[in-house]
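The values are calculated or read from the model by the stated rules, or taken from the named source; none is laboratory data. These figures come from a predicted structure and were not determined experimentally. Note that each Cβ is placed from the backbone with ideal geometry, even for glycine, and that neighbours are counted across all protein chains shown. Accessible surface is based on the protein model in full, side chains and every heavy atom, while ligands, DNA and RNA are left aside. Shrake-Rupley method; radii C 1.70, N 1.55, O 1.52, S 1.80 Å.
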Amino acid sequence: AIPGDGTDVFTTRATLANLQSVAGSASTSNNLARQFAWSGDGQSIYFNDSSAAYGGLWKLGALSGSPQRLMAEDDTSSEPAVRTTAGVDQIFLSGGGSTGNVGGIDVVAHNGTTTSARQVAVSAATLSDFFEVSGNMPSQRVQSLTTVGDDLYFIFYTNASSTKPESRYPGVYRYDAEGRLSKVVNKTQRAAALGGVSLVVDRLQSRTIAVTGTSG
């Protein structure tokens, strides 16, 4: 009612019991990624879990609250990004699991009904070359992802000590539609502008939904 205090009212959409029912597990331990990503039609959210019992990519109806497990792999610790083309959501997440792309970026496609196999979107070798890393990429790696148009932005995370070359990598990077990698800002530049900086970066997802009907 107006006037009101503007306090948000939160409603539970999914409980641990809901996840237990879908996964067929009695485990009370899960590890959800902190942030979710909206589906292209704005009716659902995607989120990741990295626990042994509930690990994988999940979809949850924003109104129905019915969870679906789209992919069961327990290494999906990154916050996902979504790019939608012709009604098909491409869901980007940290690489690994069945692709073996540890340190890179993977993708699955979901058309609302079926989900593709996990595939390599950006190989760990490509990122190694870009970051000039010899050997394997650091184990703490791609974290948050988001899309703007056809471009994919991601946070590269590592807790390497300041004596290691990869300590400069934490920052924001872009992978564009032509397959080119570029730096937006790295740890050194962030620290110069902001002072001490966190290795964890929150993000927003850019999305556009067409609204039909009369104005007002």
- Query: Within segment 16-28, is there a residue that is open to solvent by less than 50 Å² (accessible area, probe 1.4 Å), under 30 Å from VAL172 (Cβ atoms) and not charged (D, E, K, R)?
  - Reply: no
- Item | Checklist (1) touching a residue at least 24 places away in the same chain (Cβ under 8 Å); (2) open to solvent by 30 Å² or more (accessible area, probe 1.4 Å); (3) closer than 25 Å to TYR173 by Cβ applied to GLY100, failing item | (1)
- Do we find a residue being assigned to a loop (DSSP other than H, G, I, E, B), more than 22 Å from GLY24 (Cβ to Cβ) and more than 14 Å from the chain's Cα centre (by Cα) anywhere in segment 66-84? no
- Item | Residue list for segment 72-97, filter: of a type outside the set (Ser, Thr, Tyr), open to solvent by 20 Å² or more (accessible area, probe 1.4 Å) and touching a residue at least 12 places away in the same chain (Cβ under 8 Å) | ALA72, GLU73, ASP74, ASP75, ARG83, GLY87, VAL88, GLN90, GLY97
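Got a number for residues in segment 85-100 being out of contact with any Phe, Trp or Tyr (no Cβ under 7 Å at 6 or more places or on another chain), hydrophobic (A, V, I, L, M, F, W, C) and closer than 26 Å to SER29 by Cα?
Selection size over segment 85-100: 2.
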- Scope segment 29-39; condition open to solvent by less than 30 Å² (accessible area, probe 1.4 Å) and assigned to a loop (DSSP other than H, G, I, E, B); matching residues: ALA33, SER39
- Message: Could you tell me how many of the residues in segment 47-71 are of a type in the set (A, V, I, L, M) and crowded, with 21+ Cβ neighbours inside 10 Å?
- Response: 2
